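Data first, discussion second: the structure below is written as structure tokens.
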Amino acid sequence: MNLPELPREPIREEDKPGYEKQIWSPSWRCFCCQDTGRVHAHLVKLVIPDYDFDCDRIPICQSPGCKFGTKWLHLGTANIDMRLTAPICQELDRISRDDWRNTTKLQFEKYRQRIEASFNQIVQERSLTKRDRTDNDNREVAQRKAEIEAISPKQWAVMRKSYLGGDDE
Ligand SMILES: [Zn+2]
């Protein structure tokens, strides 16, 4: 039999192709374990610098309000690491949230610049051939302009704030 070729089936929204557009809205609630119950490896390393994801006991998220850690408990104490206590997980959650805020800020800026650049380019191209302008062109320019206006820095800030919480510095 010829084996079929199947598309990826990512578990998380974030892993889907083309996710960039939604990068400012991670689907998880807990930034310590990303709702897996297992503290995210790069956060674990802030506490256990030589942490080995493959060999070490699983560091369980004990962040207050996060219930996902409990699903690992059946593995027993020989396999899980409960040393990352609630205050530690809370701090890791805060650090991760800050990282996300900064990352999305950069993404927003890049995205905005890209749209602005393409808008400027279109305006420039059109002005070179102004007399040949068609209704379609005018519509395109107007649409680009609307896109820019729709994502004013102020609005980015509001969106960031509503998705990530906390104050915008
Ligand atoms: Zn968690």
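The values are calculated or read from the model by the stated rules, or taken from the named source; none is laboratory data. What you see is a predicted model, and the numbers here were worked out from it, not measured in a lab. We place every Cβ from the backbone using ideal geometry, glycine too, and count neighbours over all the protein chains shown. The area values use the complete protein model at the heavy-atom level, side chains included, leaving out ligands, DNA and RNA. Shrake-Rupley method; radii C 1.70, N 1.55, O 1.52, S 1.80 Å.
Couple of notes before you dig in:
- Checking the range 100-107 against the condition returns a match, with at least one residue being under 24 Å from the mean Cα position of the chain (by Cα) and within 16 Å of the ligand (Cβ to nearest atom).
To keep it simple, each residue is scored yes or no on (1) among the aromatic types (Phe, Trp, Tyr); (2) at pLDDT 95 or above; (3) open to solvent by 80 Å² or more (accessible area, probe 1.4 Å).
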residue: Gln62; (1), (2), (3): no, yes, no
residue: Thr77; (1), (2), (3): no, no, yes
residue: Asp81; (1), (2), (3): no, yes, no
residue: Leu84; (1), (2), (3): no, yes, no
residue: Cys89; (1), (2), (3): no, yes, no
residue: Phe108; (1), (2), (3): yes, no, no
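- Of residues in the range 31-59 being in contact with a Gly (Cβ under 9 Å, 6 or more places away or on another chain) and within 12 Å of Asp81 (Cα to Cα), the one farthest from the ligand (Cβ to nearest atom): Ile58
- Test: residue in the range 40-56 that is touching a strand residue (DSSP E or B) at 6+ places or on another chain (Cβ under 6 Å) and buried (at least 17 other Cβ atoms within 10 Å of the Cβ): yes
- Of all residues making up the range 82-99, the number that are more than 14 Å from the ligand (Cβ to nearest atom) and over 16 Å from Trp28 (Cβ atoms): 1
- Residue within the range 65-72 that is part of a loop (DSSP other than H, G, I, E, B), in contact with a Gly (Cβ under 7 Å, 6 or more places away or on another chain) and within 13 Å of the ligand (Cβ to nearest atom) present: no
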